[in-house]
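Since the structure comes first, as structure tokens, the remarks are kept for the end.
The values are calculated or read from the model by the stated rules, or taken from the named source; none is laboratory data. It should be emphasised that the depicted structure is a prediction, and the values quoted were computed from it without experimental measurement. We place every Cβ from the backbone using ideal geometry, glycine too, and count neighbours over all the protein chains shown.
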Amino acid sequence: MWNGYGMGPGWMWLLWLVVLVGIGLLVYVVVRLTAGGGSGGQGHAATSASPPPVGPPTGGAGTSPARRILEERYARGEIDTVEFQERLRGLEGR
């Protein structure tokens, strides 16, 4: 049918594999962008009007492990400023 030119039936599996991988990557990117812990949290933290009232993590006896973890998540951009402040108030019992 193709007279030896172009893509024959033997190459069709490769084309379908490329299409399926492309669809899989598209789904992965969409899920990562719409997930709550994705990079979307960094945009909220960067555009926030006032930074949270937090000093540098000391790691001493006065800082609880829960607060250190919360500060680390905020520093990595996993949570935004509003969520950080709410969780910090919850930890402090306010």
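Before moving on, here are some points about what is shown:
- Given (1) part of a helix (DSSP H, G or I); (2) among the small types (Gly, Ala, Ser); (3) modelled with pLDDT under 90, number of the condition GLY37 does not satisfy: (1)
- Odd one out for PRO51, checked against (1) in a loop (DSSP other than H, G, I, E, B); (2) modelled with pLDDT of 85 or more: (2)
- Criterion violated by VAL82 - all others in (1) assigned to a loop (DSSP other than H, G, I, E, B); (2) loosely packed, with under 13 Cβ neighbours inside 10 Å; (3) among the β-branched types (Val, Ile, Thr); (4) at pLDDT 85 or above satisfied: (1)
- Qualifying residue in the range 64-76 (condition: more than 21 Å from GLY93 (Cα to Cα) and modelled with pLDDT of 90 or more): yes
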